[in-house]
Amino acid sequence: MNPIDPTTLSARMEALPGWTLDEEKRAISRSFRFQDFAQAFGFMSQMAIVSEKMDHHPEWFNVYNRVEVRLTTHDANGLTTRDLDWASRADSAFKNATEAA
C-alpha cells in the first residue's frame with residue numbers, strides 16, 4: 001500500500017466534511033456523537049464488521065454517546081485510499097443511525 005497523493009487526498013477530503021486532516025497529513029480523525037451509548041455501540045459494531053471485511057481497522061474509543069476515530073495506514077506510514085473508503089462508510093453508517101432514531 002502506498003500513501004495517497006496530495007491531489008487525490010485533497011479532492012477526497014472535500015467529500016468528508018466532518019473529518020479533520022492532521023498537520024503532517026498522515027491521519028484523519030472525526031468525533032461521532034449519538035443519542036446514547038446503545039446507538040454509539042451499535043455504530044461501532046456495524047463498523048467492526050466493515051473493518052473486518054476491508055481488513056482495515058481504526059484507532060477508536062468510545063465514551064458514552066461519543067465515538068472518536070483516527071485513521072491511518074501504518075504499513076504505508078500515512079493515509080491511503082483504504083482510510084478514506086473506511087471514513088466514507090462510517091459517515092454513511094452514522095447518517096443511517098442518526099436518521100433512524
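Derivation of every value follows stated rules applied to the coordinates shown; laboratory data play no part. As the structure is a prediction and not an experimental result, all values here were calculated from the model. Heads up, the Cβs are rebuilt from the backbone with ideal geometry, glycines too, and the neighbour counts pull from every protein chain shown.
Things to note:
- Based on the Kirkwood approach, the hydrodynamic radius assigned to the chain is 13.8 Å, with every pair of different Cα atoms included.
- Each Cα pair under 8 Å and six or more residues apart adds its separation to the average, and for the chain the resulting relative contact order is 34 percent.
- Dipole axis of the stretch 6-100 (+1 Lys, Arg; -1 Asp, Glu on Cβ), positive-most option in Met13, Ala48, Asn65: Asn65
- Of the residues Ala27, Ala90, Ala11, the one that moves most in a GNM of the chain with alpha-carbon contacts below 10 Å is Ala11.
- Qualifying trypsin sites (Lys or Arg not before Pro) in the stretch 3-44, where qualification requires a DSSP coil assignment and no more than 13 other C-beta atoms within 10 Å, are lacking entirely.
- Between Tyr64 and Asn77, residue separation times 0.36 nm minus the direct Cα-Cα distance comes to 1.6 nm.
- With the helix formula -39500 (n - 2.57) applied to DSSP H stretches of n ≥ 4, the chain reaches a computed 222 nm mean residue ellipticity of -15500 deg cm²/dmol.
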